[in-house]
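Peer 1: Please find one structure pasted underneath; my questions will follow.
The values are calculated or read from the model by the stated rules, or taken from the named source; none is laboratory data. Keep in mind that this is a model prediction, so the values were computed, not measured. Cβ placement follows ideal geometry from the backbone for every residue including glycine, while neighbour counts extend to all protein chains displayed.
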């Protein structure tokens, strides 16, 4: 069986990645998961300077998933490069760094800072997080803004660029086309869906930020539909995510058109989820006599 996939000239031993913001930089899960088995570690978002994130409470359980309003808390690119990337040198897996910012200049500063980092295989540009009040949400919800920032990043980036799309848009196909037209090497979707929870007894919002990003199994049907629409609108690879809990979910995304998939919120519920998905895909391929994972990609 051949589970290897290729995105923008970069080869991956299998299509299973971690979704940004749910796996740290791998260090936090290394006692549970052999990182060498993963197709890629996708890091938590990193900015040009440290971000404190949103006030607490900023995580809440909801039916079929969770809400988070972390606000992209991170130590900044310098600490990230010296600590997280250094740690990842110990493993034979691809590393995709998620980049966030409040202005185009913020993004470009991180992209340029990471351009000479040999441990960085690809960049994933987060223009879709619904928790940040300024900057990122505007880039991810307007096709012209997405086109412009993608074009500027491609001018500076030495690694292939993945644009992570927001689901909080009217047409995901339009956004996918805008990213492709601006030169994106791949797209990933979906990020979280904006949601809200109210404590009826306290008569207050559960999250200090009022709204947060919903993730988890409840959003999977929406994510599959958007991956299908996006993958049929563009010719660049699509990385699918959103509510993947097991191998069957992952295969559904691949059949919808995804080249690779990312496991997100399920990592919190089951820290072994990524490896279980890998083993489940291999088992499915064996049982179904599938020699190459590309044979089931975009079969619909």
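Peer 1: Assess whether residue 245 counts as being within 17 Å of residue 59 (Cα to Cα), out of contact with any strand residue (DSSP E or B) (no Cβ under 7 Å at 6 or more places or on another chain) and touching a residue at least 12 places away in the same chain (Cβ under 8 Å).
Peer 2: So residue 245 does not fit the description; no.
Peer 1: Another question, then. Would you be able to say whether some residue in segment 211-233 is under 24 Å from residue 103 (Cα atoms) and not in a strand (DSSP E or B)?
Peer 2: no
Peer 1: Give 106, 121, 116 a once-over and let me know the one that is within 24 Å of residue 12 (Cβ to Cβ) and either at pLDDT below 95 or surrounded by fewer than 16 Cβ atoms within 10 Å (Cβ to Cβ) (or both).
Peer 2: Just one listed residue meets the conditions, 116.
Peer 1: Do we find that residue 254 is buried (at least 18 other Cβ atoms within 10 Å of the Cβ) and either touching a strand residue (DSSP E or B) at 6+ places or on another chain (Cβ under 9 Å) or more than 30 Å from residue 57 (Cβ to Cβ) (or both) in this structure?
Peer 2: Answer is yes for this residue.
Peer 1: Being outside any helix (DSSP H, G or I) and either under 20 Å from residue 66 (Cα atoms) or in contact with a strand residue (DSSP E or B) (Cβ under 8 Å, 6 or more places away or on another chain) (or both): is that true of residue 149 here?
Peer 2: Against the criterion (outside any helix (DSSP H, G or I) and either under 20 Å from residue 66 (Cα atoms) or in contact with a strand residue (DSSP E or B) (Cβ under 8 Å, 6 or more places away or on another chain) (or both)), residue 149 does not qualify.
Peer 1: Residues being in a loop (DSSP other than H, G, I, E, B), in contact (Cβ under 8 Å) with a residue 60 or more places away in the chain and in contact with a helix residue (DSSP H, G or I) (Cβ under 9 Å, 6 or more places away or on another chain): count how many of those fall in segment 70-103.
Peer 2: 3
Peer 1: What about residue 282, is it more than 21 Å from residue 65 (Cα to Cα), surrounded by fewer than 20 Cβ atoms within 10 Å (Cβ to Cβ), touching a residue at least 24 places away in the same chain (Cβ under 8 Å) and touching a strand residue (DSSP E or B) at 6+ places or on another chain (Cβ under 7 Å)?
Peer 2: No: the conditions fail for residue 282.
Peer 1: Being surrounded by fewer than 21 Cβ atoms within 10 Å (Cβ to Cβ) and either free of Cβ contacts under 8 Å to residues at least 24 places away in the same chain or in a loop (DSSP other than H, G, I, E, B) (or both) is the filter here, so list the residues in segment 191-210 that pass it.
Peer 2: Of everything in segment 191-210, those that are surrounded by fewer than 21 Cβ atoms within 10 Å (Cβ to Cβ) and either free of Cβ contacts under 8 Å to residues at least 24 places away in the same chain or in a loop (DSSP other than H, G, I, E, B) (or both) turn out to be 197, 198, 199, 200, 201, 202, 203, 204, 205, 206, 208, 210.
Peer 1: Looking at segment 167-191 only, could you name the residues that are within 20 Å of residue 21 (Cβ to Cβ), at pLDDT 95 or above and out of contact with any helix residue (DSSP H, G or I) (no Cβ under 7 Å at 6 or more places or on another chain)?
Peer 2: Listed by number, the residues that qualify are 186, 188.
Peer 1: With respect to the numbered conditions (1) touching a residue at least 40 places away in the same chain (Cβ under 8 Å); (2) surrounded by 20 or more Cβ atoms within 10 Å (Cβ to Cβ), which one is the sole condition not fulfilled by residue 217?
Peer 2: (2)
Peer 1: I'd like the residue in segment 171-190 that is more than 16 Å from the chain's Cα centre (by Cα) and part of a loop (DSSP other than H, G, I, E, B) and, out of all such residues, is surrounded by the fewest Cβ atoms within 10 Å (Cβ to Cβ).
Peer 2: Checking each candidate, the answer is 171.
Peer 1: Looking at residue 236, is it in a loop (DSSP other than H, G, I, E, B) and in contact with a helix residue (DSSP H, G or I) (Cβ under 7 Å, 6 or more places away or on another chain)?
Peer 2: When the stated conditions are applied, residue 236 passes them.
Peer 1: Continuing with the same structure: Being surrounded by 20 or more Cβ atoms within 10 Å (Cβ to Cβ) and modelled with pLDDT under 95 is the filter here, so list the residues in segment 52-68 that pass it.
Peer 2: Within segment 52-68, 54 is the sole residue that qualifies.
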